[in-house]
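Remarks on the structure that follows.
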2 protein chains.
Amino acid sequence: MSTVVYKGNIISSESYDRLSVIPNGYVTVEDGMITDVCDHLKEEYKGLELRDYKDRLIIPAFSDLHMHAPQYTQRGIGMDCLLIEWLNRYTFPQESNYSDKEYAKSVYAKLISDFVAQGSFQLSLFTTIHYDACDILYKMLKEAGLYAYTGLVNMDMNSPDYYVDDTDVSLEKTEKFIIEHPDSEKVKPILTPRFAPTCSKRLMEGLGELAKKYDIGVQTHLVESREEAAWAKELYPEFGSDGLIYERCGLLQGNGPKIFAHVIFPSEEEERILKEYDCISVHCPDATSNITAGIMPASDLINKGLKIALGSDVGGGHFLGIYRQIARAVQISKMKEFYEKDYRRIVLANAFYMATVTGGSIFDRVGKIEKGYRFNALIIDDMLDKEYKTSIEDALERFCYIGDERNIFERYIDGNSVDPGEVYQRLLKMEI
Amino acid sequence: MSTVVYKGNIISSESYDRLSVIPNGYVTVEDGMITDVCDHLKEEYKGLELRDYKDRLIIPAFSDLHMHAPQYTQRGIGMDCLLIEWLNRYTFPQESNYSDKEYAKSVYAKLISDFVAQGSFQLSLFTTIHYDACDILYKMLKEAGLYAYTGLVNMDMNSPDYYVDDTDVSLEKTEKFIIEHPDSEKVKPILTPRFAPTCSKRLMEGLGELAKKYDIGVQTHLVESREEAAWAKELYPEFGSDGLIYERCGLLQGNGPKIFAHVIFPSEEEERILKEYDCISVHCPDATSNITAGIMPASDLINKGLKIALGSDVGGGHFLGIYRQIARAVQISKMKEFYEKDYRRIVLANAFYMATVTGGSIFDRVGKIEKGYRFNALIIDDMLDKEYKTSIEDALERFCYIGDERNIFERYIDGNSVDPGEVYQRLLKMEI
């Protein structure tokens with residue numbers, strides 16, 4: 001495969017605190033990998049195919065590390081309800097529909113092409129308890145060429161009669177799913193206990209054994225709200241902390257990523273666990289606003305050396321594009337600063353780092369426009385008004401605050417241009 | 001003009017707490033006015049022209065009662081700054097550009113066609129200190145057929161040297177603007193002191209005289225943040241309260257609307273003024289998040305009998321569509337409920353009422369789909385997924401949370417269909 005040179009205003013993270021900006025920069029890509037990034041066209045690259053994106057931005061594609069695939073049809077509805085009413089009126093009945101394979105195919109094809117449209121190419125997705133629907137999602141993610149972790153959801157208690165598994169059935173299905181969906185290069189299985197209150201201790205311990213046996217990671221919700229944390233403690237009095245359940249039951253023994261959504265009120269014990277097991281905490285600003293859960297102490301956790309990525313958390317969150325969660329993470333951190341005098345807000349560069357570098361860190365060499373990284377990248381329109389051109393950083397900021405998929409001019413996964421509409425048609429035609 | 005019948009799922013406010021929903025309802029419109037709303041096609045309307053919008057929603061158009069027209073080019077940038085830095089680095093330099101008429105024409109044509117696109121047909125707009133630019137805005141609003149209040153901004157102190165008026169000049173320009181822009185049926189002048197800290201007492205008193213002389217209303221910012229309120233108190237020690245300045249200086253004597261943006265920390269005295277003078281407080285959830293001002297106690301103010309409308313507050317807010325501020329008002333009220341134990345959050349129906357009924361109340365018979373009201377209305381796509389159809393209310397909610405101008409299928413002002421692109425072309429051609 002020959003080298004292609006891409007030209008544009010390149011933005012990537014230099015560090016958690018700093019954007020690296022190269023105006024009119026050049027990126028060379030060979031076999032899907034970035035081989036060079038420079039501020040002028042070197043002699044050796046002259047004559048190669050050049051794609052000149054002019055004033056457009058070249059940025060790394062986004063990672064969405066917490067999202068419920070089956071809730072895509074629910075996004076932006078039922079938002080007047082709080083968590084329990086929302087689960088019982090909307091979420092559980094709706095998720096139970098995925099026993100129907102046709103329903104699953106129809107929704108998942110739309111969802112995955114929307115991920116492509118929104119520039120979220122690295123994902124960690126919850127599904128439902130339904131084996132076939134989960135299998136469909138896995139195969140569609142592979143077909144679309146996305147990078148993803150996904151797994152069958154486990155829940156064997158505190159769930160409605162029509163949407164719950166027997167403990168043994170849940171464990172058997174999970175093991176079968178792992179065996180029949182071995183690590184591919186890009187899509188991989190992950191343990192997905194819904195959250196502590198819907199999982200019995202025997203289920204958790206069984207999942208712990210699977211984590212060890214198959215050397216596999218885990219994704220779940222952790223101290224999502226005060227109520228959830230209190231409920232988990234009540235159900236698991238011997239552990240006294242939401243996070244300890246996962247450690248003691250062995251779910252952190254595998255080598256795969258450990259992804260905890262929300263982490264609003266972590267105890268010292270939980271912070272120890274998050275650090276010791278190199279876990280990723282996923283900040284989902286829209287969702288935690290919608291369910292009135294509180295605000296993740298993002299800058300405090302960063303100062304303690306923890307890792308934070310971003311998640312859309314659709315349907316708790318309503319908007320699929322992670323770029324909007326970058327804006328919302330800044331906005332909501334200001335609210336926390338307003339109410340909690342010792343808290344320090346975050347800025348755009350911080351949230352961009354979460355959405356690209358940290359989110360990308362559980363995948364293979366993605367999240368930066370830098371030599372040695374995959375060219376998983378987005379070409380973003382310069383959205384600044386022609387009357388008032390300020391900086392390249394401002395152009396990125398405007399995209400995060402008011403842009404949408406119309407402003408993503410082109411999308412590259414592994415150096416290949418991808419088109420959401422084409423992906424959608426291809427997924428619809430799959431015989432699964 | 002003959003009667004036209006519109007069919008669709010009609011949503012309007014029954015009260016502050018309740019939406020009125022008529023599935024497959026009919027609206028009859030004659031000479032731009034709604035003559036009937038019914039749940040079946042009455043015998044007498046058969047044979048009339050029928051526009052069947054099927055599953056789409058028919059809703060009243062939105063009112064945006066706080067927006068800075070000149071800041072349109074700044075939306076969604078500089079959001080890492082807090083208020084004072086943002087004013088000095090972005091806002092004041094940018095607003096000073098409106099001394100250039102061509103700049104003003106170019107931006108205002110885009111802004112006004114965007115208002116049309118977003119379905120905000122009733123407006124109250126800040127401008128700059130520049131007479132010609134303000135004149136251009138006024139004429140363009142008339143040409144576009146929108147309902148609006150707008151006025152020249154007054155600021156004679158605590159402002160940069162390059163963007164401030166002499167007190168007498170400011171008063172003279174304001175009076176001239178009022179005289180040369182008499183009340184038209186739809187666009188009307190309004191006094192617009194920026195906010196207390198940038199207006200001297202002599203300027204305020206002069207504006208008070210104009211309010212009385214021309215029987216005209218006022219729009220400004222009130223207790224926008226703790227810092228702003230403290231600053232105003234310091235500058236006006238004899239009044240001891242932000243709101244008293246306007247009352248004592250006579251700015252509330254006119255018959256026009258009295259519009260106060262933000263109202264985050266009203267004192268009892270200010271609440272008395274807001275009630276006594278039938279003022280409207282404008283809630284701008286995105287803006288007060290962005291500037292870390294705090295959250296308006298919306299439900300408390302409602303319980304005290306005050307009136308609240310919504311504002312996009314672009315550029316403090318970043319997104320022009322008022323429907324998004326409906327969603328954000330709900331979201332941010334949950335955050336207030338989380339942090340302030342006695343506070344009660346609002347729901348979608350409340351915020352929709354603010355955006356339509358209360359916002360519309362300062363204009364002539366707009367804000368409802370009801371007999372006797374103007375047909376200022378939007379036809380909204382049914383955005384629910386085909387796999388999971390819930391209620392008509394949910395379709396409205398999804399539009400507010402994740403919809404955009406693409407989902408506004410058709411727009412009516414005074415019963416006439418309007419097209420944003422056509423409006424834009426028409427405004428560009430104006431010789432002003």
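The values are calculated or read from the model by the stated rules, or taken from the named source; none is laboratory data. For clarity, every value in this text was computed on a predicted model and none was experimentally measured. Using ideal geometry, Cβ is built from the backbone for each residue, glycine included, and neighbour counts are taken over all protein chains shown. Just so you know, the surface numbers come from the protein's heavy atoms only, side chains and all, with ligands and any DNA or RNA stripped out. Shrake-Rupley method; radii C 1.70, N 1.55, O 1.52, S 1.80 Å.
If we hang a label 7 Å off Cα along the beta carbon direction at B:THR3, how far is it from the matching labels on the other copies, in nm, shortest first?
From this label point to the equivalent ones elsewhere in the assembly: 7.5 nm.
Do you know the relative contact order of chain B, to the nearest whole percent, from alpha carbon pairs under 8 angstrom that are 6+ apart?
Once divided by the residue count of chain B, the mean separation gives 21 percent.
Counting protein heavy atoms only and a 1.4 angstrom probe, how many square angstrom of accessible surface do chains B and A bury in total, to the nearest 100?
Result for this pair: about 5000 Å² buried.
Given +1 on the Cβ of Lys and Arg, -1 on the Cβ of Asp and Glu, and no further charges, what dipole in debye does the protein assembly as shown carry about its Cα centre, rounded to the nearest 20?
340
How much accessible area per residue does chain B have, counting only protein heavy atoms and a probe of 1.4 Å, in square angstrom?
34
Can you tell me what percent of all Cα-Cα pairs in the range B:204-357 are more than 28 Å apart?
So the portion of pairs separated by more than 28 Å is 18 percent.
When the Kirkwood hydrodynamic radius is evaluated over all pairs of different C-alpha atoms of the protein assembly as shown, what value in angstrom, to one decimal, is obtained?
28.3
Pairs A:LYS101/A:LYS188; B:LYS258/B:LYS371; A:LYS336/B:LYS304; B:LYS186/B:LYS304; A:LYS213/A:LYS429: which are spaced more than 24 Å apart, C-alpha to C-alpha?
Listed pairs above 24 Å: B:LYS258/B:LYS371; A:LYS336/B:LYS304; B:LYS186/B:LYS304; A:LYS213/A:LYS429.
Could you order peptides B:105-113, A:403-411 by the average number of other Cβ atoms within 10 Å of their residues, highest first?
Going by the mean number of other Cβ atoms within 10 Å, highest first, we get B:105-113, A:403-411.
Calculate for chain A the 222 nm mean residue ellipticity that helices alone would give, adding -39,500 (n - 2.57) per DSSP H run of length 4 or more and normalising by residue count, nearest 500 deg cm²/dmol.
Helix-only estimate at 222 nm: -10500 deg cm²/dmol.
For all pairs of alpha-carbon atoms in the range A:306-413, what percent lies in each bin of width 10 Å, listed from the first bin to the last filled one?
Over the range A:306-413, the share of Cα pairs per 10 Å bin runs 13, 39, 36, 11, 1 percent.
Along Cα→Cβ, 7 Å out, is where each label goes; now give me the distance between the ones at A:ASN24 and B:GLU276 in nm to one decimal.
Placing both labels 7 Å beyond Cα along the Cβ direction yields 6.3 nm.
With respect to the axis carrying A onto B, what is the closest chain A residue by Cβ position, and how many angstrom separate it from the axis?
Chain A residue with minimal Cβ-axis distance: A:TYR339, 2.
Between 0 and 90 degrees, rounded to the nearest ten: what's the tilt of helix A:131-144 against the longest Cα principal axis of chain A?
Once rounded, the angle reads 10 degrees.
Within 10 Å, count the other beta carbons around each residue, average over each peptide in A:330-336, B:160-166, and list them highest first.
A:330-336, B:160-166
Would you tell me the mean number of C-beta atoms belonging to other protein chains that fall within 10 Å of each C-beta in A:396-408, as a whole number?
Taking the mean over all residues of the peptide, I get 3.
Report in % the part of the accessible area of the protein assembly as shown that belongs to carbon and sulfur, leaving out ligands and nucleic acids; probe 1.4 Å.
Accessible surface attributable to carbon and sulfur in the protein assembly as shown totals 47 percent.
Got the A:ASP132 label distances to the other copies yet, label 7 Å along Cα→Cβ, in nm, shortest first?
Ordered by increasing distance: 7.1 nm.
Name the residues of the range A:256-299 whose accessible area, probed at 1.4 Å, falls by at least 10 Å² once all protein chains are in place instead of their chain on its own?
Buried on complex formation: A:SER289, A:ASN290, A:THR292, A:GLY294, A:ILE295.
Could you calculate, for the range A:1-103, the ratio of the Cα radius of gyration to the Kirkwood radius, expressed as Rg to Rh?
That ratio is 1.26, to two decimals.
Antiparallel versus total DSSP beta bridges in the protein assembly as shown: what percent is that, nearest 5?
So the antiparallel bridges amount to about 40 percent of the total.
Sort A:231-243, A:29-41, A:67-79, A:390-402 by the packing proxy (mean of other Cβ within 10 Å over each peptide's residues), most packed first.
Per-residue mean Cβ counts within 10 Å order the peptides as A:67-79, A:390-402, A:231-243, A:29-41.
In peptide B:325-331, how many Cβ atoms from other protein chains are near each Cβ within 10 Å, on average?
For peptide B:325-331, the averaged partner shielding equals 3.
Applying the Karplus parametrisation 6.51 cos²θ - 1.76 cosθ + 1.60 with θ = phi - 60° to the phi angles of the range A:374-391, what ³J(HN,Hα) value in whole Hz is obtained for each residue in order, glycine and proline being reported as x?
Karplus-based 3J(HN,Hα) across the range A:374-391 equals 5, 8, 9, 9, 10, 9, 10, 4, 6, 8, 5, 5, 5, 6, 9, 8, 10, 9 Hz.
Just to confirm my numbers, what's the Cα centroid distance between the range B:110-147 and the range A:384-432 in Å?
31
With θ set to phi - 60°, apply the Karplus curve 6.51 cos²θ - 1.76 cosθ + 1.60 along the range A:194-199 and write out the HN-Hα couplings as whole Hz, x wherever there is a Gly or Pro.
3, 6, 3, x, 9, 10
What number in nm² do you get for the range B:214-283 if you take the convex hull of its Cα atoms and divide its surface by four?
Taking a quarter of the hull surface, the average projection is 4.2 nm².
Which residues of the range A:64-102 show a drop of at least 50 Å² in accessible area when all protein chains are present, compared with their chain alone (probe radius 1.4 Å, heavy atoms only, ligands and nucleic acids excluded)?
Residues of the range A:64-102 that lose at least 50 Å² of accessible area once the other chains are added: A:THR73, A:ARG75, A:ILE77, A:MET79, A:ASP80.
Only loop residues by DSSP count here, and only those with at most 16 other Cβ atoms within 10 Å; note down the trypsin sites (Lys or Arg not before Pro) in the range A:1-52 that meet that.
Here the trypsin sites (Lys or Arg not before Pro) that fit, given the DSSP loop and packing criteria, are A:ARG18, A:LYS42, A:LYS46.
Can you list the aspartates and glutamates whose alpha carbon sits under 17 Å from that of B:LYS142, skipping same-chain ones fewer than 8 residues off?
Answer for B:LYS142, where 17 Å is the Cα cut-off: B:ASP64, B:ASP114, B:ASP132, B:GLU180, B:ASP183, B:GLU185, B:ASP364, B:ASP414, B:ASP419, B:GLU422, B:GLU431, listed by chain and number.
In nm to one decimal, list the spacings between the B:PRO160 label point and its equivalents in the other copies, with label points set 7 Å along Cα to Cβ, shortest first.
Result, one decimal in nm: 5.8.
Running a GNM on chain B with Cα contacts under 10 Å, which residue among B:ILE84, B:ILE59, B:ILE413 ends up with the highest mean-square fluctuation?
Of the options given, B:ILE84 has the highest mean-square fluctuation.
Mind listing the phi-derived Karplus ³J(HN,Hα) values for the range B:21-36, rounded to whole Hz, using 6.51, -1.76 and 1.60 with θ = phi - 60°, and x for any glycine or proline?
10, 10, x, 6, x, 10, 10, 9, 10, 9, 6, x, 10, 6, 9, 6
Please average, across the residues of B:386-392, the number of beta carbons from any other chain that are within 10 Å of each residue's own beta carbon, and give a whole number.
Whole-number average of other-chain Cβ neighbours for B:386-392 is 5.
How much net charge surrounds A:HIS130 when only other residues with a Cβ under 11 Å from its Cβ are counted (Lys, Arg +1; Asp, Glu -1)?
Here the count lands on -3.
How big is the Rg/Rh ratio for chain B, C-alpha atoms only, Rh by Kirkwood, two decimals?
0.97
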